[in-house]
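Have a look at this one.
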Amino acid sequence: QVRLVESGGGSVQAGGSLRLSCVASGATIGTYCMAWYRHVPGKEREEVSHINRGGSKRTYADSMKGRFTISRDDDKNTLYLQINSLKPEDTGEYYCAAKEVPYYTDVCTSYDDWGQGTQVTVSS
């Protein structure tokens with residue numbers, strides 16, 4: 001349906017920031033709910049944040065403590081995740097996900113398409 005490619009990960013010291021990008025192709029994301037997930041080693045994949053079609057609604061996991069900001073630029077067919085005040089426990093693989101939804105959908109709980117991930121490594 002849509003191909004998603006993440007980028008922007010890397011190695012950073014604790015307290016630093018990263019801006020992850022997810023570029024979509026094969027479809028335009030304007031009709032999609034989008035999300036960021038992460039997989040921390042030894043733990044199950046968890047949702048970091050999702051954003052509705054149109055970008056008017058944003059949801060974050062409580063455990064992210066306000067350090068994460070999701071945004072989208074539909075003209076560029078790109079989803080972003082700004083991560084501030086990075087901690088070593090943020091180390092893991094970060095994935096973007098997408099699901100095409102009706103225009104009135106504000107909350108998404110499942111996704112059909114996934115990227116391959118970008119690695120984030122945070123050192124003390």
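The values are calculated or read from the model by the stated rules, or taken from the named source; none is laboratory data. This one's a predicted model, so the numbers in the text were calculated from it and none came from an experiment. Positions of Cβ are generated from backbone atoms using ideal geometry, with glycine treated the same way; all protein chains shown enter the neighbour counts. Side chains are part of the model used for accessible areas, which takes the heavy atoms of the whole protein and leaves out ligands, DNA and RNA. Shrake-Rupley method; radii C 1.70, N 1.55, O 1.52, S 1.80 Å.
Using a Cα-Cα cut-off of under 20 Å, which aspartates and glutamates could be cross-linked to Lys99, ignoring same-chain neighbours fewer than 8 residues away?
Output for Lys99: Glu6, Glu46, Glu47, Asp73, Asp74, Asp75, Asp112, Asp113.
Which order do peptides 80-86, 30-36, 56-62 fall in by mean Cβ count within 10 Å, highest first?
Going from most to least packed, we get 30-36, 80-86, 56-62.
Report the Cα-based extents of the chain along its three principal axes, largest first, to the nearest Å.
43, 26, 26
What's the magnitude of the charge dipole for the chain around its Cα centre, counting Lys and Arg as +1 and Asp and Glu as -1 at the beta-carbon? Answer in Debye, nearest 20.
That gives the chain a dipole magnitude of about 240 debye.
Here's another thing I want to ask about it. How much net charge surrounds Val120 when only other residues with a Cβ under 12 Å from its Cβ are counted (Lys, Arg +1; Asp, Glu -1)?
Counting the neighbours of Val120, the net charge comes to -1.
Give me the number: length gained by fully extending Arg19 to Arg3, i.e. 0.36 nm times residue separation minus the C-alpha to C-alpha distance, one decimal in nm.
3.8 nm
Averaged per residue, what accessible surface does the chain expose to a 1.4 Å probe, in Å²?
51 Å²
If amide H atoms are built 1.01 Å from N in the plane of the peptide, which residues on other chains or at least 5 residues away come under 5 Å of the amide H of Ala27?
Arg3
Label-point separation (nm) for Thr69 and Thr105, each offset 7 Å from Cα along Cα-to-Cβ?
Distance between label points: 2.7 nm.
I need to check one value: relative contact order of the chain, counting alpha carbon pairs closer than 8 Å and at least 6 residues apart, in percent.
36 percent
Within the chain, what percent of beta bridges assigned by DSSP are antiparallel, to the nearest 5?
Counting DSSP beta bridges with both partners in the chain, the antiparallel share is about 90 percent.
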